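Working notes, structure below.
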Amino acid sequence: MDFDITDPSDWPKEFGPLREIDSHLRCPICKEYLRAAMMLQCHHNFCSECIRRHLDKESTCPACRVSTSTSQLRRNVSLEEIANNFGDVRQLLLKTVRESLEPKSAPAQTLECAESMDIDDFTPQQKRRRISARVGKALLSAQRGRTHESDDNDHDDDFTMHSQESSSGRKYSTRSSTRPVLRSRGGRSETTPTEQVPNPQSASSSQTSSYSLSEEHTSASEQASPTPAKESTFKHTLVACPVCTMAIPEANTNSHLDKYCFSGKQDPIYNVALSVVETYSPQAIATYEKDGSSKSVSLPASPQRNTLRSAFSSSPVRFNGFAQQPSKLGAQSGAAPIPEPKRLPKLTYSVLNDKQLRKKLQELGLPTHGDKQLMQRRHAEYLTLYNANCDSTRPQTIAQLHKAMDNWERTYMRDLNAKDAQRRAQEEQQQKYAQELAQQKQQEDAASTDVTNLPSSQSSNSGTTGTGFVPNQANNNDVNVAIASQAAQAHKLKNADNYNDLIADIRRRQQREKDAKAKAALEANDAASAPIQPPPQEEL
Amino acid sequence: MALPKRIIKETERLLADPAPGISAIPHEDNLRYFDVIIEGPNQSPFEGGVFKLELFLPEDYPMAPPKVRFMTKIYHPNIDKLGRICLDILKDKWSPALQIRTVLLSIQALLSSPNPDDPLANDVAQHWKENENNAIQTAQEWTRKYATA
Ligand SMILES: [Zn+2]
Ligand SMILES: [Zn+2]
Ligand SMILES: [Zn+2]
């Protein structure tokens, strides 16, 4: 799902307002749909995580630069829900919108359309076609690499737009005669709603599970005192039925759909909305989430809407289809104000010693290894994730947060190692460069008579303009050596942080070399007696 | 490091729908590194010129600004000999809500309206302030000399 790269421009221009809506629902920082939308006092909205990260560094609104701070952040719950729901319905809506623009076609072609609905995953073909094939491929493999390892070598083909109008030398698909078809790997449609339904094999395994929440629980929000707990058996994860939104064991989705929802009947077994189940005790949900097998859990009958959020009890119920818990929205509007979940306080790291900081990490269940700097960063990162999660109407579990921290840990170590390697390489490079310069100098001294004229042409080159990008201290041979050794070094450092600095250097030097050569050539023409410049020396 | 979605998205938009007079193409082997071309704006001393720049997105982009530098020589009070650009949004006025496109448009705008009161290249700024016509002439010469193919 992460795999999708969506953009407001995906909407056809005939549906301009949809583009507008799409872009207004996006965070100005990450450009994704707002996750846990937070509003500043200037009324600009951002993802909680994004704005918290930003405010850690700077106390201004990224959109209007008004000064602000985390204490000014307010949840914008409606906006978040709209963003969530728009995100949920996007693919279906996009498909519908695009189909509405197509010329009416014969039945045979309708079939073709259905077959190629993977087109929704991608940007319009006009857009894609203009991307140069090679960069496009690199981009695609980059976005693909996020969630899927490339498992074959012809993946460019998987994403190639085949179009009649295309003037490239590629083979066209002849499947459709009226419109471009995106040929995708056979039937891969992981994001179409139907795919969300668990496969039928698993359905039979849990037919026996019973679910016995009675009607009274749906209106139990006012009940304050705990009533005798009902015994209830869960099997696997509960999901919202995409049709009737009742909470059903994921494995039973198909049979439930077939028997009831598709025939318009009400399922007598599953008649409690998922939103209600969600508000029950976090422990109850955590229990079945943990072992996922049929096990009795007791549900205290005083559901408090916010227990879910405050304890991050669970969202095993992240149904990715389009009917995401609509009743939840209804339940929230018109309800009593939602108490803010408790966020973690910021620490003043400078007054904590290693031992105290370690203890803080331990309390949060985080790793305690590393020096103070690492521990501090770890704590700060967790604070951001945790507090942003407090702002979400679709919070993650603590376990999920810890998993995110594991990732962070790995990335952090990798970056650290890369920086180390880079520093070492730079030192080596400097040494090597110095050696080569010295060597070069010796060679020149030995053959000085041949090149006596060169330095003068050089100095006139830099002297008259006086605007070379770098001070012209070295002669051409030095420059060549420098270019060669730096190029080699840069090659090794491709992914290093200041690769750009190295490249910039090389380019400047190359430019300078070109200038010098042109100048030398000119002078060679003007005065035929002048010695011809030796060809650039290729060292590596 | 995996390439953040935002960078992929920005790149796609830059390639699919480039701003007029601006092109930015990422290196195949380093998608954070862009070759940029900005055409000198009409009615500026840089009209008719084609300027090459390099742009690099650091690890913490968009929390940190992109690094941009002119590769083509240019006579401009806010651009120094090394091609470095004096532009507030590339420094303290950076905001993560800005993007590659807005940065490049700002640079294009800077070519249209040099600001000698906030100079990076002091000698050029001096020239600009003392004899603007003459400075513009030099800028035009440089454009012809270095920025035309
Ligand atoms: Zn965001
Ligand atoms: Zn603002
Ligand atoms: Zn149902």
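The values are calculated or read from the model by the stated rules, or taken from the named source; none is laboratory data. The structure presented is a predicted model; accordingly, all values stated were derived computationally and were not measured. Cβ atoms come from the backbone with ideal geometry, glycine included; neighbour counts cover every protein chain shown. The area values use the complete protein model at the heavy-atom level, side chains included, leaving out ligands, DNA and RNA. Shrake-Rupley method; radii C 1.70, N 1.55, O 1.52, S 1.80 Å.
Below, the figures for the structure above:
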item: Some residue of the range A:11-27 being more than 16 Å from ligand 1 (Cβ to nearest atom) and crowded, with 21+ Cβ neighbours inside 10 Å; result: yes
item: Odd one out for B:K93 among (1) within 10 Å of another protein chain (Cβ to nearest Cβ); (2) in contact with a Cys (Cβ under 6 Å, 6 or more places away or on another chain); result: (2)
item: Options A:D56, A:D7, A:D2; residue that is within 16 Å of ligand 1 (Cβ to nearest atom), touching an Asp or Glu at 6+ places or on another chain (Cβ under 8 Å) and at pLDDT below 95; result: A:D7
item: Any hit, the range B:103-112, residues being within 14 Å of chain A (Cβ to nearest Cβ) and surrounded by fewer than 20 Cβ atoms within 10 Å (Cβ to Cβ); result: no
item: Condition met for B:D60 (open to solvent by 30 Å² or more (accessible area, probe 1.4 Å) and within 8 Å of another protein chain (Cβ to nearest Cβ)); result: no
item: Flag for A:L34 being free of Cβ contacts under 8 Å to residues at least 60 places away in the same chain, open to solvent by 10 Å² or more (accessible area, probe 1.4 Å), away from ligand 3 (no atom under 16 Å from the Cβ) and within 18 Å of A:N389 (Cβ to Cβ); result: no
item: Tally of residues being closer than 17 Å to B:F46 by Cβ and in a loop (DSSP other than H, G, I, E, B) across the range B:63-80; result: 8
item: Breaking point among (1) open to solvent by less than 30 Å² (accessible area, probe 1.4 Å); (2) within 15 Å of ligand 2 (Cβ to nearest atom), for A:R90; result: (2)
item: Residue within the range A:408-423 that is surrounded by fewer than 18 Cβ atoms within 10 Å (Cβ to Cβ) and in contact with a helix residue (DSSP H, G or I) (Cβ under 6 Å, 6 or more places away or on another chain) present; result: yes
item: Candidate set from the range A:59-71 (those that are open to solvent by less than 70 Å² (accessible area, probe 1.4 Å) and out of contact with any Cys (no Cβ under 8 Å at 6 or more places or on another chain)); member that is farthest from ligand 2 (Cβ to nearest atom); result: A:T70
item: Cβ pairs under 6 Å, 6+ apart, first in the range B:50-69 and acidic (D, E), second open to solvent by 10 Å² or more (accessible area, probe 1.4 Å) and in a loop (DSSP other than H, G, I, E, B); result: B:E54/B:M71
item: Search result, residues across the range A:21-79 that are within 12 Å of another protein chain (Cβ to nearest Cβ) and part of a strand (DSSP E or B); result: A:R26, A:Y33, A:N45, A:F46, A:C47, A:T60
item: Residues of the range A:61-86 satisfying the condition of being away from ligand 1 (no atom under 16 Å from the Cβ) and closer than 13 Å to B:P96 by Cα; result: A:C64, A:R65
item: Checklist (1) away from ligand 2 (no atom under 16 Å from the Cβ); (2) in contact with a helix residue (DSSP H, G or I) (Cβ under 6 Å, 6 or more places away or on another chain) applied to A:C27, failing item; result: (1)
